[in-house]
Amino acid sequence: MSSPDPAPEWGASKVRLRDHVPRPGFTVLEVIGEIDQAEAEVIRLRMVELMQQPGRGRAVLDLSGVGFFGSHGLTAVVRSSRAADELGVPLSGVTGPANRAVQRPVRMTGLDQVIRWYPDLDSALADGLS
Amino acid sequence: MTEIQQATDERTSAADARWAGAPCAALTVGPDGTVLEINDAALLLVPALRTGAGLSRVAPWLSGAHPVPGTEPVTFSDVVDGRALEATPSRHDDGSVTWWLIDVTDVRSVRDELRIEQSRAVFLSDASAALLGSLNLQRCMEVIAGLAVDALADAAVVLTPATRRQFRVVTAVSGHGAPRSATSRLDPDEVPGLAEALQGFPPVPSRWIDPAAAPSWLVPPEIGEAGSIVVTPLPGHGIPAGALVLLRRPGSGPFSEGEESTAREFAARSGLAMSAARMFARQASITETLMRDLLPPKLQEIAGIEFAGGYRPAEDGDRVGGDFYDVHPCAPTPDGAAQTLAVLGDVCGKGLEAAVLTGRIRSTLHALLPMADDHVRLLGLLNDSLVSEDHTRFVTLVLASVTRDGSDVRLRLTAAGHPPPLIVRADGRVEEADTRGTLVGVLPVVEATTYETRLAPGETCLLYTDGITEALGGPMGRDQFGEQRLQRVAGECAGLPAEAVVERIQMVTTEWVGRNAHDDMALLAVSAPRGRHLSAVGGHGRGRYTA
């Protein structure tokens with residue numbers, strides 16, 4: 001089954017956001033670039049918007065395109081996770097297969113206990129179906 | 001009489017009747033200056049006019065403008081019996097001139113009023129702009145006094161209560177330089193209407209105030225004595241801001257009703273400006289007081305161990321933000337050694353909002369000092385306090401328990417979601433402390449590992465926030481300062497005192513960032529001081545180092 005056309009990219013200068021539905025029951029927000037304070041809030045708001053859509057199923061925050069993930073990135077994930085809990089939507093994350101820029105801080109700060117992380121989008125989708 | 005003659009006479013009398021009843025005042029004057037004809041409107045306007053009389057006798061004001069033969073008459077105006085008249089001439093072939101008279105009193109009056117109103121509006125507009133220029137109360141009062149003498153009076157006095165019995169007084173005198181200020185005890189009851197004005201009551205009319213009775217403290221010596229005085233309140237936000245007193249010299253004439261009205265409007269704007277300045281000063285004072293508690297502490301040597309901190313908030317205008325550090329003396333260790341807890345943390349967010357949470361976290365940590373021996377327990381209690389009150393607020397931090405052990409320093413380090421501290425060895429090697437832990441305020445339970453190490457004399461432990469490693473700069477302004485660069489700079493500081501290490505890293509990161517925006521940056525250095533060299537007695541021998 002072919003996936004719908006991806007939504008237009010939107011966001012600020014240092015980060016691009018793209019949401020798409022790779023298969024029914026999954027909504028993915030792909031983040032590309034560097035997350036600073038302003039973008040952290042944009043990501044949270046966009047995640048909330050996506051998780052509130054009808055037939056939302058599961059949500060995936062894909063950070064494999066993030067080259068720099070500091071304290072504001074942590075903020076974006078923590079706040080998105082809180083919103084997911086409140087809306088009752090399962091949320092998982094994607095670090096990228098060899099993306100130390102995200103993997104290291106996720107492991108170092110205990111974010112891997114806040115939401116479930118996967119090395120790539122395919123494994124996140126596969127695990128979500130099982 | 002022929003029919004033609006009769007018709008001509010009838011036309012002439014009809015013309016005379018029309019002339020006589022014309023609404024515009026007119027009189028015809030012969031070449032010799034005799035009044036030949038006057039219509040009804042002219043008689044109403046100038047009752048002294050008579051036909052057959054010389055113009056110089058019945059209308060001397062017009063005879064000066066009446067042309068002598070061979071010259072052209074010109075339009076002329078004058079004030080006659082309190083009325084402004086405009087006379088426009090028409091010359092006839094027989095040498096006579098008809099003067100058309102128009103009463104322009106009302107037009108002139110309206111024009112004058114309009115001009116006064118325009119200049120008043122310009123003054124009030126300029127005054128508003130000038131008053132907006134300062135949120136300093138003293139400067140604001142000086143501007144008010146200066147504007148008042150520029151446009152309204154020969155001297156102006158602005159008063160505002162300073163304490164219960166004292167008043168801040170600013171006086172300006174036209175042509176005598178900048179306004180002068182004083183704070184003095186004075187009795188407002190000595191000036192009619194002043195005590196009331198200071199309480200915000202409406203002003204008393206100027207004519208009720210006897211200038212001769214004005215006290216010496218009110219009348220500036222430069223104007224000698226006062227000819228007339230206006231006292232008007234300066235209304236503020238809720239409470240009166242003060243009072244404005246305008247003074248004129250005896251020769252300057254009394255204040256008109258319009259001028260008093262302008263003074264009241266000016267005072268209303270001035271009062272609001274003063275009130276805003278006072279409120280700003282109060283807010284600034286409150287902010288300063290609160291800020292003092294939020295600012296990072298001044299660090300010094302404790303129990304022979306050097307502590308130094310550096311902090312640079314994200315916004316250049318801010319003095320506080322989400323990064324913080326503290327150094328607390330704690331209960332001694334079981335073996336009696338003095339123990340200190342150093343904390344460095346990063347609260348999510350920036351600016352004042354983050355600073356408020358930072359203040360709460362610092363207070364909580366201070367209350368938890370009795371648990372300083374057990375870092376994980378302390379972090380757990382801090383975590384509980386954050387998790388219970390807010391679901392989106394968290395902090396990353398490093399705890400360092402520091403104890404003197406002979407010439408060395410014993411360290412226990414625990415990072416919770418925070419970059420691990422760096423240990424700068426005496427030979428320039430830089431080690432990363434092997435401590436990891438989860439964010440505080442997110443998960444129900446904090447997990448963390450504590451790392452123990454020792455610092456030999458001259459070695460330093462460096463705690464830092466990610467604002468330093470994440471700072472964007474460099475040649476293109478797009479590269480992160482990064483951990484490797486930080487480690488290299490730290491290694492170059494081997495053997496330096498704690499304060500020098502902090503200064504060096506701050507200098508390098510500031511250069512790196514340049515004018516780029518950056519996050520809060522905080523550093524805390526703990527150093528085991530180098531021993532001080534004592535020369536041998538008499539200058540012989542190798543001497544020794546003391547701890």
Q: For B:S56, put the label point 7 Å out on the Cα→Cβ axis and report which residues of the range B:74-90 keep their amide N under 19 Å from it.
A: B:74
Q: Read phi for every residue in the range B:269-286 and hand back ³J(HN,Hα) as whole Hz from Karplus 6.51 cos²θ - 1.76 cosθ + 1.60, θ = phi - 60°, with x for Gly and Pro.
A: 5, 5, x, 5, 5, 5, 4, 5, 5, 5, 5, 4, 4, 5, 4, 4, 5, 5
Q | Rg in Å to one decimal, and Dmax rounded to a whole Å, for the protein assembly as shown via C-alpha atoms | A | 43.8, 159
Q) Relative to the longest principal axis of chain B, what angle (0 to 90°, nearest 10) does the C-alpha long axis of helix B:375-389 take? A) 30
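Rounded, prolate or oblate: which fits the range B:297-528 when a ≥ b ≥ c are the square roots of the eigenvalues of the alpha-carbon gyration tensor, with rounded for a/c under 1.5 and prolate only if a/b beats b/c? Intermediate results must be reported in sequence, preceding the final value.
Numbers: a/c = 1.72, a/b = 1.05, b/c = 1.63.
Oblate shape, in that a/c is at least 1.5 and b/c is the bigger or equal ratio.
Can you give me the Rg/Rh ratio for chain B, using Cα atoms for both radii and the Kirkwood formula for Rh?
Working: Rg = 44.0 Å, Rh = 32.0 Å.
Ratio of gyration radius to Kirkwood radius: 1.37.
Let me have the 222 nm mean residue ellipticity of the protein assembly as shown computed from DSSP H runs of 4+ only, each contributing -39500 (n - 2.57), with the sum over all residues rounded to the nearest 500. Walk me through the intermediate numbers first.
Details: 17 runs with 232 residues, N = 677.
Using -39500 (n - 2.57) per qualifying helix, the result is -11000 deg cm²/dmol.
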Q: For the range A:44-88, state what percent of all Cα-Cα pairs lands in each successive 5 Å bin, counting from 0 Å until the bin that includes the largest distance.
A: 5, 21, 32, 23, 13, 6, 1
Q) Which of the trypsin sites (Lys or Arg not before Pro) found in the range B:461-528 are in a DSSP loop and have at most 10 neighbouring Cβ atoms, other than their own, within 10 Å? A) B:R515
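Write out the GluC sites (Glu not before Pro) in the range B:224-280 meeting two conditions: DSSP loop, and at most 12 other Cβ atoms within 10 Å of their Cβ.
Numbers: sites: B:E225, B:E257, B:E259, B:E260, B:E265; in loops: B:E225.
Answer by residue number: B:E225.
How high is the relative contact order of the range B:17-107, in percent, counting Cα pairs under 8 Å that sit 6 or more residues apart?
Details: 165 pairs, mean separation 24.1, N = 91.
Rounded, it is 26 percent for the range B:17-107.
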Q) Once the Cα atoms of helix B:498-513 and of chain B are each reduced to a long axis, what angle between those two axes, in degrees from 0 to 90 to the nearest 10, is obtained? A) 50
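What does the extension gain come out to for B:T333 and B:D94, with contour length at 0.36 nm per residue minus their alpha carbon separation? Could the numbers behind the result be given before it?
Values: separation 239, 0.36 × 239 = 86.04 nm, distance 12.85 nm.
Working it through step by step, the gained length comes to 73.2 nm.
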Q) Relative to the longest principal axis of chain B, what angle (0 to 90°, nearest 10) does the C-alpha long axis of helix B:351-367 take? A) 40
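Got the relative contact order for the range B:69-188 handy, in percent, Cα pairs under 8 Å and 6 or more residues apart?
Working: 146 pairs, mean separation 15.0, N = 120.
Value for the range B:69-188: 13 percent.
For chain B, what's the relative contact order in percent, using C-alpha pairs closer than 8 Å and at least 6 residues apart?
Working: 1100 pairs, mean separation 46.1, N = 547.
Relative contact order comes out at 8 percent.
Values quoted throughout were computed directly from the atomic coordinates according to the rules given, and no laboratory measurement underlies them. Since we're looking at a predicted model, the values are computed, not measured. Cβ sites come from the backbone with ideal geometry, for glycine too, and all protein chains shown count toward neighbours.
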